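Remarks on the structure that follows.
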Amino acid sequence: MSSSTHHISTSATTTIRHIYVHIPFCARICPYCAFYKELLDRSQTQRFCDAILSELRQQAQDQHLLPSTIYFGGGTPTALTTPQLEFLMAGFRYELDLSALIESTVEANPGSASAGKAALLQRLGINRISLGIQSWDDDLLNLLGREHNAKQGEESFDIFRGAGFSNINIDLMFGLPGQTLRQWQSTLERTVSLRPEHISTYCLTYEEDTEFFLRHARGEFRQDSDADAEFFAMTMSILEAAGYEHYEISNYARPGFRSAHNRAYWSGSDYLGIGPSAFSTTGMTRWQNIPDFRRYAEAVLAGKSAIGSVEHLTPEMKRAEQIALSLRTDDGAPAPLLESFPNETREFVRLGLLQRARGNFVLTRAGKALADSVAEAFV
């Protein structure tokens with residue numbers, strides 16, 4: 001089905017409070033990343049920004065948008081030039097009613113951070129930065145294909161702090177080929193010493209359509225689930241001891257700094273995705289935009305829909321998603337959601353992986369290490 005034949009409009013009573021914006025450009029393509037991304041092409045970026053704002057205007061006509069969170073992700077939003085960032089962010093401020101906005105995040109790469117961009121984002125009302133550090137070890141950064149070294153990583157953190165940002169997340173990765181527990185401990189301790197408000201830690205997964213996936217398939221890289229469990233246990237111990245609340249399997253926050261945008265996803269709230277390949281979900285309908293920025297821009301700038309595919313969700317699909325996502329959080333899954341799985345629930349409680357708390361089923365410390373396996377039993 002051609003993209004121009006897709007048109008989705010929610011009922012006028014639905015208010016969408018969460019917006020994700022996908023900016024796919026990267027100065028360098030990381031060999032482990034499975035998100036839609038493209039090498040930065042300066043000849044295309046202004047047209048791309050025009051298309052994003054054009055889609056935003058289309059969506060604002062079709063839906064009632066009153067965002068409490070906006071998240072600019074990628075790719076690398078900070079790969080845009082300072083004038084392009086200003087054009088884009090100012091466009092969002094002009095097109096949207098931001099009176100209910102509590103959190104606006106921009107993902108930043110240390111390689112493209114600058115004092116000028118940081119000051120601009122601060123001035124344009126961005127109040128949260130997510131920094132893709134991944135590691136403080138130069139050899140591992142090199143393996144990951146990152147365009148920055150550890151020193152630049154720390155300098156970029158200082159740039160955003162210096163610009164007045166008081167809500168900074170640092171992204172880290174563990175389970176990397178050749179990574180030792182000692183290296184990971186050192187990365188966690190160095191991160192804690194910077195006192196970011198939020199830390200996200202992800203175990204490397206070998207995703208299809210990535211160079212790492214091919215190297216794993218060839219036997220160059222091996223996934224070691226026992227080692228991954230040790231990395232995970234160390235992460236919980238060090239970050240909790242440093243005062244971070246482990247509020248979702250991969251996420252740790254100082255009190256008061258949990259990500260409002262991510263919590264909206266995990267609780268099953270409606271959200272709108274803008275930009276190529278971005279997903280949206282409202283009610284029982286999910287759609288994905290065209291996953292190619294040139295075709296996306298062509299469609300949108302011609303006044304056509306950006307949608308590439310549509311999926312209609314069933315109550316069973318929604319319930320399975322809600323169980324899997326809520327189990328990952330420290331709130332857990334509401335007991336009524338698991339009513340139709342009495343045997344599984346009983347068995348997980350007996351094994352010490354689940355416990356009852358405040359009318360919900362919550363993963364225990366042992367259960368967190370096996371979160372995906374536990375969730376699969378309820379699908």
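Since every read-out is calculated from the coordinates, none of them should be taken as a lab result. Computed from a predicted model, the values in this text were never measured in an experiment. Cβ sites come from the backbone with ideal geometry, for glycine too, and all protein chains shown count toward neighbours.
Residue by residue through the range 326-341, what is 3J(HN,Hα) from phi via Karplus (6.51 cos²θ - 1.76 cosθ + 1.60, θ = phi - 60°)? Round to whole Hz and write x for glycine and proline.
After applying 6.51 cos²θ - 1.76 cosθ + 1.60, I find 6, 5, 6, 9, 6, 6, x, 9, x, 3, x, 5, 9, 4, 7, 10 Hz.
Could you sort the peptides 277-284, 223-230 by per-residue average Cβ neighbour count (10 Å cutoff), highest mean leading?
By packing density, highest mean first, the sequence is 277-284, 223-230.
Just to verify a number: FRET efficiency for Glu376 and Ala27, C-beta to C-beta distance, R0 = 35 Å, to 0.05?
Calculated value: 0.40.
How much length is gained if the chain between Arg294 and Ala241 is pulled fully straight, taking 0.36 nm per residue apart and subtracting their Cα-Cα distance, in nm to one decimal?
14.4 nm
How many angstrom lie between the Cα centre of the range 208-285 and the Cα centre of the range 312-358?
If we compute the Cα centre of each part, the gap is 19 Å.
Work out, step by step, the length gained on full extension between Gln122 and Leu325: first 0.36 nm times the residue separation, then minus their alpha carbon distance; give nm to one decimal.
Between Gln122 and Leu325, full extension yields 69.9 nm more.
Given the Cα-Cα distance of Glu311 and Ser99 and 0.36 nm per residue of separation, how much length would full extension add, in nm?
Gain on stretching Glu311 to Ser99: 73.2 nm.
How far apart, in nanometres, would the label points at Thr180 and Ala357 be if each is projected 7 angstrom from Cα along the Cα-to-Cβ direction?
So the label points at Thr180 and Ala357 sit 3.5 nm apart.
Loop only by DSSP, 15 or fewer other Cβ within 10 Å of the Cβ. Give me the trypsin sites (Lys or Arg not before Pro) in the range 275-379 that pass, ordered by residue number.
Those satisfying the criteria are Arg358.
Evaluate the distance, in nm, between pseudo-label points positioned 7 Å from the Cα of Arg346 and of Leu66 along their respective Cα→Cβ axes.
Computed distance between label sites Arg346 and Leu66 equals 4.7 nm.
Run through the range 35-133 and list the chymotrypsin sites (Phe, Trp or Tyr not before Pro) located in a DSSP loop whose Cβ has at most 16 other Cβ atoms within 10 Å.
Sites meeting the loop and neighbour criteria: Phe35.
Grab the other residues whose beta carbon is less than 15 angstrom from that of Asp330, score K and R as +1, D and E as -1, and report the net.
For residues surrounding Asp330, the net value is +4.
Would you tally the net charge around Ile16, using a Cβ to Cβ cut-off of less than 13 Å, leaving Ile16 out, and scoring K and R as +1, D and E as -1?
Computed value for this residue: -2.
Of Ala119, Leu88, Ala108, which is farthest on the positive side of the dipole of the range 83-129, counting Cα position, with +1 on Lys and Arg Cβ, -1 on Asp and Glu Cβ, and the Cα centre as origin?
It is Ala119, whose Cα lies furthest towards the positive end.
If you average the sequence gap of Cα pairs under 8 Å that are 6 or more apart and divide by the length of the chain, what percent do you get for the contact order? Can you show the working numbers first?
Values: 669 pairs, mean separation 66.0, N = 379.
It comes to 17 percent, rounded to a whole number.
Which of the GluC sites (Glu not before Pro) across the range 295-339 are loop residues per DSSP, with 11 or fewer other Cβ within 10 Å? Each step should come with its number before you reach the end.
On the way: sites: Glu298, Glu311, Glu316, Glu321, Glu339; in loops: Glu339.
When the GluC sites (Glu not before Pro) of the range 295-339 are filtered for loop state and at most 11 Cβ neighbours within 10 Å, Glu339 remain.
Could you tell me the calculated FRET efficiency between Asp224 and Ser166, based on Cβ-Cβ distance and R0 = 45 angstrom, to the nearest 0.05? It would help to have the intermediate numbers written out before the result.
Details: r = 38 Å, r/R0 = 0.84.
Approximately 0.75, to the nearest 0.05.
Which percentage, to the nearest 5, of the DSSP beta bridges contained in the chain is antiparallel? Can you show the working numbers first?
Values: 23 of 55 bridges.
Here the antiparallel bridges make up roughly 40 percent for the chain.
With only Lys, Arg, Asp and Glu charged, each at its Cβ (+1 for the first two, -1 for the last two), find how big the charge dipole of the chain is about the Cα centre; round to the nearest 20 debye.
Taking the Cα centre of the chain as origin, the dipole is about 640 debye.
Using 1/(1 + (r/R0)^6) with R0 = 41 angstrom and r between the beta carbons of Arg42 and Arg254, what's the FRET efficiency to the nearest 0.05? List each step's numbers first, then the result.
Details: r = 38 Å, r/R0 = 0.93.
That pair, Arg42 with Arg254, gives E of 0.60.
When Lys and Arg each count +1 and Asp and Glu each count -1, what net charge do the other residues less than 15 Å away from Leu96, Cβ to Cβ, add up to?
The answer is -2.
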